[in-house]
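The values are calculated or read from the model by the stated rules, or taken from the named source; none is laboratory data. Predicted model, so just to flag it, every value in this text is computed and none were measured. Here the Cβ positions follow ideal geometry from the backbone for every residue, glycine too, while neighbour counts run over all protein chains shown. In case anyone asks, the SASA skips ligands and DNA or RNA and just uses the protein heavy atoms, side chains included. Shrake-Rupley method; radii C 1.70, N 1.55, O 1.52, S 1.80 Å.
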Amino acid sequence: MNAARERDPIGVIGTGYVGLVTAAGFAELGSEVWCVDIDQTKIERLKRGESPIYEPGLEELLARNSERLHFSTDPLSAFEHARLLFVAVGTPPTYSGDADLSAVHAVVDAIPASEASQADQHALVMKSTVPCGTGASLQRVLGEQGKGGLGYVSCPEFLKEGSAVDDFLHPDRVVVGDDGGWAGDAVVDLYAPLKAPLVRTDIASAEMVKLASNAFLATKISFINEIANVCEETGADVLEVARGMGLDRRIGGHFLRPGIGFGGSCFPKDVSALKQLAGNSGYHFQLLTAVIEVNELQKRRVVSKLQKHLGSLVGKRITLLGLAFKANTNDMREASSLVLAARLQADGAQVSAYDPIAEQEARKLMTGVHFAPSALDAVEGADACVLVTEWPEFAELDWGAVSERMAGRLVVDGRNFVDREALREAGFIYEGIGR
Ligand code: NAD
């Protein structure tokens with residue numbers, strides 16, 4: 001089999017954040033893309049031209065390339081039209097902290113076995129984040145199922161929610177792990193127009209690049225959060241400290257922003273999956289154990305900041321501004337706001353909240369929270385408000401109007417995001433992180 005011609009059709013299995021952005025991105029580069037998802041409602045919405053997720057620029061990209069994008073719940077539609085089948089199904093954590101690979105196995109099982117010659121012309125391209133060793137074990141499973149001719153490529157995804165389209169079109173690097181053969185070359189060809197640095201390697205190393213990258217970024221966050229906590233004890237300002245550190249090129253300024261802990265669908269699960277993977281292989285990854293613990297404690301530190309000023313939280317009204325795990329996404333998976341709201345309610349507080357985009361998702365995961373239609377409505381009668389997500393509109397808030405609506409004066413800025421001096425001038429008590 002020769003390498004796939006540039007812009008051959010591709011299949012994408014799983015149309016979530018990664019799958020849909022990958023599909024729209026490759027369609028933008030000129031490929032016909034055959035998308036498959038088991039979620040009928042999602043597929044219906046996509047067929048109507050609606051994006052089931054909020055991601056800046058995605059709706060425009062889908063609309064612009066609608067003729068090249070095909071949506072179905074039938075995996076055979078992708079198999080019939082495309083040789084490369086990108087797998088972008090979820091790999092959530094199990095109770096043990098390992099990655100749940102059941103969706104990946106369901107995809108493997110759905111590949112028809114009958115025509116072995118057909119299978120030889122296809123390859124799975126793993127975009128989902130999977131433990132190191134998954135490629136090898138899936139290849140064994142494929143062999144047992146009589147689909148051993150199917151190619152396998154590990155092509156981990158590094159996009160960030162909130163800037164996923166831009167990240168797809170301008171990746172820092174493309175990692176392609178394979179064991180030779182046409183499929184790895186075909187994936188490299190597909191990404192070639194993006195002119196990104198290429199890391200061509202073996203499957204296990206490609207899988208590990210992804211896990212190690214996320215674990216390192218999470219470590220950087222927990223590290224600066226601990227520095228922030230020490231700054232609070234010693235009178236230093238963590239923003240000054242981070243600026244001074246970040247200018248050292250060996251350290252770099254990215255991911256040195258202290259806050260209320262990392263969340264989202266990737267960092268918590270990938271850090272835990274790597275820790276678990278190490279443990280299962282007989283190695284105790286002490287550093288990651290600490291990274292996870294620091295992160296859990298960080299989410300809860302806001303509660304003690306509130307108690308410092310308000311005393312007991314019983315009956316107190318606390319407003320959460322922003323709920324999504326970060327700005328520019330409606331993703332609520334592992335959002336710090338979930339832990340925070342639950343902790344506040346457990347301490348007897350009444351919680352109100354406003355998020356410009358994530359309310360619908362938040363309602364599925366939160367109980368007893370009053371959802372307001374705007375930031376100003378959310379702070380009505382509040383004893384304190386906590387800035388949880390750095391939505392741009394919160395930087396523009398009219399704090400004079402906020403102070404008229406609030407009962408109290410306390411603002412806890414969980415992202416060091418709003419203008420501290422302006423708030424103090426407006427008569428607020430400002431509590432940041434590490435300052
Ligand atoms: P998601 O939950 O948004 O999307 C997964 C999709 O797969 C869903 O639409 C689901 O219905 C579908 N699906 C599940 N089983 C299926 C099956 N058998 N056949 C077809 N479709 C099926 O997940 P996501 O955030 O896009 O993440 C996908 C993978 O990419 C995960 O492994 C994740 O760790 C990894 N990843 C995510 C990000 C991110 O920022 N979200 C970034 C890099 C890597």
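Seen against the Cα atoms of the chain and their longest principal axis, helix 203-234 is set at about 10 degrees.
Where both bridge residues fall in region 67-170, DSSP classifies roughly 10% of the beta bridges as antiparallel.
Put a plus charge on the Cβ of each Lys and Arg, a minus charge on the Cβ of each Asp and Glu, and nothing anywhere else: the dipole of region 112-192 about its Cα centre is then about 220 debye. H70 sits among other residues whose Cβ lies under 10 Å from its own Cβ, and their net charge, with Lys and Arg +1 and Asp and Glu -1, is 0. The distance from the alpha carbon centre of region 355-411 to that of region 260-277 is 27 Å, rounded to a whole number. In whole angstrom, how far apart do the alpha carbon centroids of region 48-95 and region 200-218 sit? Each part's Cα centre sits 24 Å from the other's.
Pairs from the table (K42/K305; K42/K210; K210/K305; K47/K127; K210/K299; K42/K275) lying more than 31 angstrom apart at Cα are K42/K305; K210/K305; K42/K275. Note that region 253-265 has calculated 3J(HN,Hα) couplings of x, 6, 6, 10, 9, x, x, 9, x, 7, x, x, 7 Hz, one per residue in order, obtained from phi through the Karplus relation 6.51 cos²θ - 1.76 cosθ + 1.60 (θ = phi - 60°); glycine and proline are x.
What the phi angles of region 52-66 give under the Karplus curve with 6.51, -1.76 and 1.60, with θ = phi - 60°, is a coupling list of x, 10, 9, 8, x, x, 6, 4, 5, 5, 5, 5, 5, 10, 4 Hz, glycine and proline written as x.
Per DSSP H run of n ≥ 4, the term is -39500 (n - 2.57); total these for the chain, divide by its residue number, and report the mean residue ellipticity at 222 nm rounded to 500 deg cm²/dmol. The helix-only estimate for the chain comes to -13000 deg cm²/dmol at 222 nm.
Close amide H pairs (under 5 Å, H built 1.01 Å from N) link I433 with N416, residues at least 5 positions away or on another chain.
What's the carbon and sulfur percent of region 1-103's accessible surface, probe 1.4 angstrom, rounded to a whole number? C and S atoms contribute 50 percent here. For the chain, relative contact order (Cα pairs under 8 Å, six or more residues apart, normalised by length) works out to 12 percent.
Between D248 and S304, the FRET efficiency from the beta-carbon distance, with R0 = 35 Å, is close to 0.65. Which of the three applies to the chain, rounded, prolate or oblate, going by the alpha-carbon gyration tensor with a ≥ b ≥ c and a/c under 1.5 meaning rounded? It comes out prolate by the Cα gyration axes. A simple rule links phi to the HN-Hα coupling: the Karplus curve 6.51 cos²θ - 1.76 cosθ + 1.60 with θ = phi - 60°, which for region 177-192 gives x, 7, 10, x, x, 5, 5, x, 4, 5, 5, 4, 4, 4, 7, 3 Hz, with x for Gly and Pro. What's the longest piece of the chain with no exposed chymotrypsin sites (Phe, Trp or Tyr not before Pro), counting a site as exposed if DSSP puts it in a loop and it has at most 11 other beta carbons within 10 Å? Counting only loop sites that pass the neighbour cut-off, the longest clear stretch is 96-282.
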